[in-house]
Amino acid sequence: MTYKQDIGNSGEDTAASYLQTNSYEILHRNWRYKNHEVDIIATKKNKLHFIEVKTRTGLQFGYPEESISSRKMNSLKKAASAFLDSNPSYTQIQFDVIAILGSKNATTELLLIADVFF
């Protein structure tokens, strides 16, 4: 596993823990459809959340949330559409971003950006 993958996995662990602490139920992590992936799929209050997690160890390349490209968001939409095709019972959905700034062992900042629209 590369250092970048290790940091990403650590960020996803931190995000999942944060979500569970805040009454989300994690349904899937790293859910894949073809070459598209959703980092976390969770529910809260009968709403299905598709969550992209971005982790950075410093600000030399900007804030984590600034690195989410339109290509990534389109990929997330395609994966969400495929998930909903096989799970049609969900009627309320939301796309969220969790941006984490910190290292593998210490989170200095976690920001939940709820209901991003793209």
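Values computed for the structure shown
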item	result
Any chance residue 13 is part of a strand (DSSP E or B) and under 13 Å from the mean Cα position of the chain (by Cα)	no
Unique match (being more than 19 Å from residue 4 (Cα to Cα) and assigned to a strand (DSSP E or B)) among 83, 95	95
Tabulated pairs, the range 3-30, first over 11 Å from residue 98 (Cβ atoms) and among the basic types (Lys, Arg), second open to solvent by less than 80 Å² (accessible area, probe 1.4 Å) and assigned to a strand (DSSP E or B), C-beta under 6 angstrom, 6+ apart or interchain	29/40
Residue, surrounded by the most Cβ atoms within 10 Å (Cβ to Cβ), within the range 49-86, restricted to residues that are touching a strand residue (DSSP E or B) at 6+ places or on another chain (Cβ under 6 Å) and among the acidic types (Asp, Glu)	52
Test for residue 40: is it out of contact with any Asp or Glu (no Cβ under 9 Å at 6 or more places or on another chain), among the β-branched types (Val, Ile, Thr) and assigned to a strand (DSSP E or B)	no
Failed criterion for residue 61 (all others in (1) over 17 Å from residue 116 (Cβ atoms); (2) in a helix (DSSP H, G or I) hold)	(2)
Residue 46 being surrounded by 11 or more Cβ atoms within 10 Å (Cβ to Cβ) and polar (S, T, N, Q)	no
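The values are calculated or read from the model by the stated rules, or taken from the named source; none is laboratory data. Just so you know, these numbers come straight off a predicted model, no measurement behind them. Glycine also receives a Cβ, built like all others from the backbone with ideal geometry; neighbour counts cover every protein chain displayed. We work out accessible area using only protein heavy atoms, side chains counted, and drop any ligands, DNA or RNA first. Shrake-Rupley method; radii C 1.70, N 1.55, O 1.52, S 1.80 Å.
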